[in-house]
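Working notes, beginning with the structure itself.
Only the coordinates and a few stated rules stand behind these numbers; no lab work does. Just so it is clear, the structure is predicted and the values come from calculations on it, not from any experiment. As a convention, Cβ positions derive from the backbone with ideal geometry for all residues, glycine included, and neighbour counts pool all protein chains shown.
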Amino acid sequence: MATVLLVRHGRTTANASGVLAGRTAGVRLDAVGRTQAERTAERIAAVPVVAVVTSPLERCRQTARVILDRQPGDPASSVERAITEADYGDWQGRTLADLSKEPLWRTVQANPSAVVFPGGESMQTMQSRAVAAIRRIDAAVEAEHGPGAVWVAVSHGDIIKSVLADAFGMHLDLFQRIGVGPASVSIVRYGEHRPEVVATNTESGDLGWLASAPAPGGDAAVGGGAGHPTAPGTTTTAPGPAGA
């Protein structure tokens, strides 16, 4: 099975001001977001990735470019519309503080599978298109490069949360339990029998072990297995703010 690194874009001007950017054109990384992207790119630079796939929106393309610039090789790069931001419809461009007063807000929090954004798409549609794209690309990467291949998908908070929920086997109504901070890295492997969620929402720590890790087997290790070597003092998970 190949390994996908799910990377959320760095912080944007809209994130910093509490605005739901959605698919608004021209939303770019702010100074903090650029620093976050640089940090994440340095982490991933320890891993020779074979491909970097990005949402078409500027903030993801910026983040993907920083990752590509730090790669020692020449990974393929492409844009995938199916992992673009959710279509929030009439909610797009409004502040989160304002949206929190809408009756639909509580449904988004507690029962997202029932949500259809006014003038936009449903959260179920969002998840379906994103999961299908990630699984399709992952299968193509493995077929071309082998089961030890590592690739990167740069996308958005709710998109990555929905992909992780699917990999965990969680109902979409539980996906708000997952945190995906700006420029965080989550790691998933799609196996013969089931996906394996290796890490979620990491913002620091060594990723170099991925460069030399043997190709994972199809069966889960009973008892948890031996894990992988990490440098002293590094962490494999880190908390971070969620959101789009």
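Normalising the average separation of contacting C-alpha pairs (under 8 angstrom, six or more residues apart) by the number of residues puts the relative contact order of region 24-146 at 21 percent. With K and R counted +1 and D and E -1, the other residues having a Cβ less than 13 Å from that of residue 58 yield a net charge of +4. Using only Cα coordinates, the Kirkwood hydrodynamic radius of the chain works out to 18.1 Å. Here residue 90 and residue 173 are evaluated by their C-beta separation; at R0 = 30 Å the FRET efficiency comes out at 0.85.
Taking each residue as 0.36 nm, the span from residue 144 to residue 39 lengthens on full extension beyond its C-alpha to C-alpha distance by 34.9 nm.
Here the simple spin-label model places points 7 Å from the Cα toward Cβ, and for residue 32 and residue 221 these points are separated by 3.7 nm.
Taking amide hydrogens as placed 1.01 Å from N in the peptide plane, the amide H of residue 52 sits under 5 Å from those of 76, 77, 78, 152, each at least 5 positions away in sequence or on another chain.
Normalised by the number of residues in the chain, the average gap of Cα pairs under 8 Å and 6 or more apart makes the relative contact order 28 percent.
Taking the Cα centre of region 3-212 as origin, work out the dipole magnitude from +1 charges on Lys and Arg Cβ and -1 charges on Asp and Glu Cβ, in debye rounded to 20. If you can, show how the numbers build up before the last one.
Details: 22 positive and 23 negative charges, 66 e Å.
Roughly 320 debye, rounded to the nearest 20.
About the centre of its Cα atoms, region 4-75 shows a dipole size close to 200 debye [charges on the beta carbon of Lys, Arg (+1) and Asp, Glu (-1) only; nearest 20 debye].
Loop-located trypsin sites (Lys or Arg not before Pro) in region 80-109 (DSSP state not H, G, I, E or B) with no more than 13 neighbouring Cβ atoms inside 10 Å: 101. Restricting to DSSP H runs of at least four residues, report the calculated mean residue ellipticity at 222 nm for the chain, -39500 (n - 2.57) per run over all residues, nearest 500 deg cm²/dmol. Mean residue ellipticity, 222 nm, calculated: -10000 deg cm²/dmol. What whole-number distance in Å separates the alpha-carbon centres of region 1-38 and region 106-159? When both Cα centres are located, 16 Å separates them. Taking each residue as 0.36 nm, the span from residue 124 to residue 106 lengthens on full extension beyond its C-alpha to C-alpha distance by 4.8 nm.
Taking amide H as placed 1.01 Å from N in the peptide plane, residue 199 has its amide H under 5 Å from the amide H of 187, each at least 5 places away in sequence or on another chain.
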